[in-house]
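Colleague: I am attaching a structure below and will ask some questions about it afterwards.
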Amino acid sequence: MRCFPIRPHLLGLAVASGVVWAAAACVPGGAAAQEGGQANRPVAAEVGAGVTPPPDLVAAAQQLHAAARGRDAQAVSAMLSERVAVITSGITPAARRDVETKGPWPDADAALEAIGGAVLEGDVPPAAATAPTSRAAAQAFEVIAAATERPEWGRDPLLKGAFCTYRGLRWDARAGARIDDGSRGLHVPAATPVHASAAPAAPVIGTLKPGLIYLQGEMDDLPEGWRAVRLPSGRVGAVREADVRDPAAWGLCFRPKAGGGWLVSAFSAVLL
């Protein structure tokens, strides 16, 4: 059994909500890597470029974050496009990112119900008495607040022209299926050294290259803040968790609206 760690900035969300969402998962272990085996060949991916958001977009994201934290359904709904793209994917390279358009909705509550139900799995505690909402709406508030807390602004190849709180990826799921053994995928935004272990003087045994999806590996006693990764040679090494990303990104995207301002046009999530 492989268990994957929760991202540090999502730990509070996962604990508070009980949600299984692009953060922690356990899947059956696959076959051991073989030296030079084809099962370790990384998958090519198109990675969305990083972008610098205009100041009014930063302000809009902060406004949305405050509204979601305050569970203000009307304020959040006012910043949603009439129709929203929902992108979902699994946690392995064989899981294609699918896009489905949702909306329009008759009111704010219906919008939050639909979004919360589409982008998250699991249950959340009942909403506080000061902000009565359904369980699905509470999920929507949580995902919106988390996505806008510390955005990594970028593009998503599936959403031309949108400004996203993440850098999205697009890859051939058929190629991913050829290496998929139940392991999670990893990629890096820049060339990243892989070490033989997490020890300070551990030698470098390989380099992760951007634009490729690698398979997560298994290493005994790997300390917090490190991930194991399988190299094309078949060797398994250690890489700092801060340097790697999950291919199936989570977050939300904005587009400018007529007359000025910004609206949320898409959500991206990872479902088990």
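Colleague: Considering only protein heavy atoms, what is the solvent-accessible area of residue 163 at a probe of 1.4 Å, reported in Å² to the nearest 10?
Modeller: Counting only protein heavy atoms, the figure is 30 Å².
Colleague: Provide the gained length on full extension for the span residue 152 to residue 196, in nm with one decimal, where the gain is 0.36 nm per separating residue minus the Cα-Cα distance.
Modeller: 12.9 nm
Colleague: Next question, about the same structure. When the expected Rg is taken as 2.2 N^0.38 Å, what fraction or multiple of it is the alpha-carbon Rg of the range 107-261?
Modeller: 1.29
Colleague: Next question, about the same structure. What distance in nm separates the simple spin-label points at residue 241 and residue 109, each placed 7 Å from Cα in the Cβ direction?
Modeller: 3.9
Colleague: Moving on. When all protein chains stay in place, what accessible area (Å², nearest 10, 1.4 Å probe) is found for residue 88?
Modeller: Only protein atoms counted, so the area is about 40 Å².
The values are calculated or read from the model by the stated rules, or taken from the named source; none is laboratory data. From a predicted model like this one, the values you see are computed outputs, not experimental measurements. Using ideal geometry, Cβ is built from the backbone for each residue, glycine included, and neighbour counts are taken over all protein chains shown. Keep in mind that these areas ignore ligands, DNA and RNA; they rest on the heavy atoms of the full protein, side chains included. Shrake-Rupley method; radii C 1.70, N 1.55, O 1.52, S 1.80 Å.
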